[in-house]
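The values are calculated or read from the model by the stated rules, or taken from the named source; none is laboratory data. Model, not experiment: these values are computed from the prediction. For neighbour counting, all protein chains shown are included, and Cβ atoms are generated from backbone atoms with ideal geometry for every residue, glycine included.
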Amino acid sequence: MDIGILRFMMEVCWAPMMAAFSVTLDQSDDKAATSLCLLGFRCAVHVTSVMCMQTQRDAFVTSVAKFTYLHNAADMKQKNVDAVKVRVNKDEAHNFIFSLNSLISLCLCQ
């Protein structure tokens, strides 16, 4: 398989994918929809990490971090708790966890 084609496809569709995951996760309380969106985020972080697409990876990580609602615990729902629990492949786990923890720490400090 040609990696160049896959990279081009990801460059074209990463923003619409993030928008679809984010809007659905924000507006839906359906457990199945929430789980699929979080899986989509996790897979997107994996693909962008493998393809060294740092900016796109950071955008997905930031979006997931926003759904943790740590900055506003009073409005927290189960889907926000699930966002904290997002797991990634061990290959990109260190970078993902560092980025997510940095954002979580920032929320807690505010």
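Summed over the range 37-59, the residues that are surrounded by 11 or more Cβ atoms within 10 Å (Cβ to Cβ) and without any contact (Cβ under 8 Å) to a residue 12 or more places away in the chain give a count of 3.
Return a yes/no flag: does the range 26-37 have any residue that is farther than 21 Å from residue 76 by Cα and either among the basic types (Lys, Arg) or out of contact with any helix residue (DSSP H, G or I) (no Cβ under 7 Å at 6 or more places or on another chain) (or both). No, the range 26-37 contains no residue that is farther than 21 Å from residue 76 by Cα and either among the basic types (Lys, Arg) or out of contact with any helix residue (DSSP H, G or I) (no Cβ under 7 Å at 6 or more places or on another chain) (or both).
What single numbered condition from (1) at pLDDT below 85; (2) in a helix (DSSP H, G or I); (3) surrounded by 18 or more Cβ atoms within 10 Å (Cβ to Cβ); (4) polar (S, T, N, Q) fails to hold for residue 68? Looking at each condition in turn, residue 68 falls short on (2).
This table checks each residue for (1) part of a helix (DSSP H, G or I); (2) in contact with an Asp or Glu (Cβ under 7 Å, 6 or more places away or on another chain); (3) not β-branched (Val, Ile, Thr).
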{"position": "6", "(1), (2), (3)": "yes, no, yes"}
{"position": "12", "(1), (2), (3)": "yes, no, no"}
{"position": "15", "(1), (2), (3)": "yes, no, yes"}
{"position": "18", "(1), (2), (3)": "yes, no, yes"}
{"position": "22", "(1), (2), (3)": "yes, no, yes"}
{"position": "25", "(1), (2), (3)": "yes, no, yes"}
{"position": "46", "(1), (2), (3)": "yes, yes, yes"}
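For the range 20-32, filtering for residues that are surrounded by 15 or more Cβ atoms within 10 Å (Cβ to Cβ) and more than 25 Å from residue 3 (Cα to Cα) leaves 3. Out of curiosity, is residue 21 at pLDDT 90 or above, under 11 Å from the mean Cα position of the chain (by Cα) and of a type in the set (Phe, Trp, Tyr)? For residue 21, the condition - at pLDDT 90 or above, under 11 Å from the mean Cα position of the chain (by Cα) and of a type in the set (Phe, Trp, Tyr) - is met.
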